[in-house]
1. Return the subset of 94/119; 119/151; 296/402; 116/165; 116/151 for which the Cα-Cα distance in this structure is over 23 Å, preserving the input order.
2. Using protein chains only and a probe of 1.4 angstrom, how many square angstrom of residue 335 are accessible, to the nearest 10?
3. With +1 assigned to the C-beta of every Lys and Arg and -1 to the C-beta of every Asp and Glu, and no other charges, what is the dipole magnitude of the stretch 295-334 about the Cα centre in debye, to the nearest 20?
4. For residue 263 and residue 459, what does the FRET efficiency come to when R0 = 51 Å and r is the distance between their Cβ atoms, rounded to the nearest 0.05?
5. Probe radius 1.4 Å, ligands and nucleic acids ignored: give me the carbon and sulfur share of the accessible area of the stretch 96-136 as a rounded percent.
6. Which order do you get for 183, 107, 162 if you rank them by accessible area with a 1.4 Å probe, largest at the top?
7. Taking the full set of protein chains and a 1.4 angstrom probe, give the accessible area of residue 105 in square angstrom, rounded to the nearest 10.
8. Which FRET efficiency, nearest 0.05, do residue 357 and residue 381 yield, Cβ-Cβ r, R0 41 Å?
Amino acid sequence: MTIGRKIIGGYLIVLTILIIVCAATFYTFRTIEGAYAEFLDSNTQAILIATGLKLEARDQTAEYRGALIYPEEQNELIHDMRDSHREFDVLVVKLRTLSRSETARRFLQEIEEIQKRHKAWQEQAIALLQEGKRQEAIALSTKEVRPLAHKLRDKCDQYIEFEQKSLAQGRGELSNTIGRSSFILIIVSVLGVISGLAIGFQLTRSITRQLREAISQLSTSSGEIVAMTTQVASGATETATAVSETTSTVAEVKQTSLVASQKAKYVSETAQRSAEVSKAGKESLDGTIEGMSHIKEQTESIAQSIVRLSEQSQAIGEIIATVNELGEQSNMLAVNAAIEAAKTGEQGKGFAVVAQEVKSLAEQSKQATVQVRTILSDVQKATHAAVMATEQGSKAVEAAVKQSNSTGQAIRGLTDSITEAAQTATQIAASNQQQLIGMDQVAIAMENIKQASTQNVAATRQAEQAAKNLNELGYRLRSLIEVNGAH
């Protein structure tokens, strides 16, 4: 097979590719047709939404009339009517996004204006109805609301009819456009194939003449490529050696990172244990503070009880003084009674005996009062000493509570510091773990680079051999062209 026939075969392949491109273009055209058809489907969506708009208009009219007719369901029907108003507004917004023509937008504007007036009259009638003016509301409905409701539904029907006509017209135009475009595409594809064959034939004759010069340059270039690939092979060998050394260094760094990760993990665990111990000390100190506060409360309660006891002791002293006075008076009465008994003679002896007994009892009461006063004095002294001791104990407990609070704050600060240190140590351990993972990835990457370098050396050797083969091929092609030129 000659060089010319081979080149013609190559151009036939190119033409085949061109045909495939044309087929792909035709397929793309059909895809565009589908997209355009989807665009036209927006009219269908507009028709469906407009139908829903008409139904919402009908529903709000029915709910409005129901509110006029059925007073017991008035509030529920008014609520449903206002929901229909909101749904109507939502559908109008959707239609505005789907409407592309000026006429459709004009229809929607008219529908919005009618709905606005219709809604206003309905709200005015509802206000009359809620004020109890049903007849006026019905009259207003007959005069204003009902005509607007009919007009609104008619305008929705006109919009639906317009969209249906637009949909039919658009589909007809699409079919005509697609037909003309398909015909033009087929003609262009046929002309392209014929032109490609003619150009291929002409290029074959032209390339055959230029091929001699190209093969001569190929021979020269292949010689240079041989020399260059030899140098590249030498450089690739050196690169492979350097990569091998780098891989060893990365392995050592990986081992160092592993040791550092283990140390960081040990520090993290130690910090965690310290945080737990500090937390336990904090809890114990909180219990101590709570106990000291409880002791303080008990001491204050005891002090109050002792103060009350002292007050009661003073009251008892006053009572004893009263009893002593009563004894003095009884003694005086007994003396007076003895004098009176002596005056009466024999008849007053019995009264004198009684007076003597009263005097004896008064003396005993006075002596008992003195003893009780002595004991009471001792009790008051002991009570005063107890009050002083209680006050000192309260002050000592209060000082201990303050000291415990200060210690608690210090331990809390220490706990927070230890906790923060534990978190930092944990983060360091996690960072070292990530670093270790990164070093693993680097080691794997370096191993892959080492393998790639080895493969690169082998490939470079193969390229060197291929360049030599290419040089020999250039000589054979030159000989072949010279033979074809002679023929």
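1. 116/165
2. 60 Å²
3. On the way: 2 positive and 6 negative charges, 27 e Å.
The calculated dipole for the stretch 295-334 is roughly 120 debye.
4. Result of the calculation: an efficiency of 0.70.
5. On the way: 1230 of 2560 Å².
That fraction is 48 percent.
6. Descending accessible area places them as 183, 162, 107.
7. Looks like 100 Å² after rounding.
8. 0.70
The values are calculated or read from the model by the stated rules, or taken from the named source; none is laboratory data. Since we're looking at a predicted model, the values are computed, not measured. So basically every Cβ, Gly included, is an ideal-geometry build from the backbone, and we count neighbours across all protein chains shown. The protein model used for the area step is the full one, side chains on, heavy atoms only, and it has no ligands, DNA or RNA in it. Shrake-Rupley method; radii C 1.70, N 1.55, O 1.52, S 1.80 Å.
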